[in-house]
């Protein structure tokens with residue numbers, strides 16, 4: 001028998017709902033089929049000089065992945081606070097993804113905002 005892992009979007013019951021559109025994560029390993037659904041709301045690459053606000057309007061704090069191009073073609077995954085003396089980090093609120101750069105030079109950021117509610 002296969003196992004199922006489901007993370008429902010706000011307002012839906014993961015135990016009773018069967019519609020994959022109502023989930024941010026849906027893994028169904030039934031009948032030798034592995035079905036994985038991860039919903040991404042938005043992705044983009046932007047140049048950040050100091051602070052850039054990206055509105056997501058989800059009314060909760062979503063899961064986000066953020067990367068900075070620290071040198072030509074070299075991308076570093078960022079965290080919600082600067083680590084190892086880095087000048088690059090991000091913050092997430094219930095309305096915005098906030099990209100921060102205190103290096104003094106513009107830098108490329110790539111971000112991914114998912115529908116997963118992490119609050």
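The values are calculated or read from the model by the stated rules, or taken from the named source; none is laboratory data. Here the structure is a predicted model, which means the values were calculated and not measured. Glycine gets a Cβ as well: all are built from the backbone with ideal geometry, and neighbour counts include every protein chain shown.
Observations, loosely collected:
- Each residue in segment 47-63 was checked for being at pLDDT below 95 and either part of a strand (DSSP E or B) or over 25 Å from residue 8 (Cα atoms) (or both), and 2 of them qualify.
- Any hit, segment 102-117, residues being modelled with pLDDT under 95, in a loop (DSSP other than H, G, I, E, B) and crowded, with 16+ Cβ neighbours inside 10 Å: no
- Filter result for residue 94 (exposed (fewer than 15 other Cβ atoms within 10 Å of the Cβ), touching a strand residue (DSSP E or B) at 6+ places or on another chain (Cβ under 8 Å), in contact (Cβ under 8 Å) with a residue 24 or more places away in the chain and not assigned by TED's automatic domain parsing to the domain that holds residue 19): no
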